[in-house]
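Take a look at the structure set out below.
Readers should treat all values here as calculations from the given coordinates under stated rules, not as data from a laboratory. Since this is a predicted model, take the numbers as computed values, not measurements. Reconstructed Cβ throughout: ideal geometry from the backbone, glycine too, with neighbour counts over all protein chains shown.
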Amino acid sequence: MTSEELAAHVEEMLVSNWRLGFSSQRDERVQQFAWLAQVLTGLYAHYNHAYFGDRLRPFRIVVTDEFGDARFSTRGRYEKATRTIRMYVLDRMWTEGLRLTLIHEMVHVLIGNGWHGKRFRAEIHRIAEMGHEDAAYEDWTLSPGWKGTVQSADGKHRWKARSKRAVDWEGDDPDLFDEEGHFLLSEEDDPDLRRVGDLMSRGGPSAPSR
Ligand SMILES: [Zn+2]
């Protein structure tokens, strides 16, 4: 990927609202994860400049589908000792979910720990106030009373709430997952699906963004 191509993909990732689809072939998938890690590293640099005054140290970003934890409640992991951010992806992944996870983990980098206390919430709020739409959503989920009104205690419903928000703008409200967490939509029914392989084979934005 040239630096121009990377810049174009980062720009696309900043504003897009679609699902990324990964290959079912293991070797292709590994390449696609490496590609996405590169784009997210570019996004990290962009966010570092835009929201953190370039104060964050570089972190290695690893994209993986090997879940260490409950499938829907863990979307990313910040590892201080190795300066690594792990991004856990599904077969299909909303781009807004990637943005939210990245900005969340970047706040951990800033505060230097994995807690979600006052300081963490204040930073998310600050970034939301600066106009980061996904941080604004996170800010809302962290606000007092949110748990009681919108979600049950388990992470799955929270994920569903996120997914529903993602499709709001389509004027559609499909239930995206069955009880076991499998996607219910077929590719034909899913105009928002972008194959990562297709994205890798071209340089810049081509699909219309919202
Ligand atoms: Zn966290």
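Figures for the structure shown
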{"quantity": "Sum of side-chain charges, Ile61 neighbourhood, beta-carbon under 12 Å (Lys, Arg +1; Asp, Glu -1)", "calculated": "+2"}
{"quantity": "Order of Glu5, Glu12 under a 10 Å beta carbon neighbour criterion, fewest first", "calculated": "Glu5, Glu12"}
{"quantity": "Residues Ser143 and Thr64, FRET efficiency given R0 of 30 Å [Cβ-Cβ distance, rounded to 0.05]", "calculated": "0.50"}
{"quantity": "Within-15-Å neighbourhood charge of Arg126 [Cβ basis; K, R +1; D, E -1]", "calculated": "-2"}
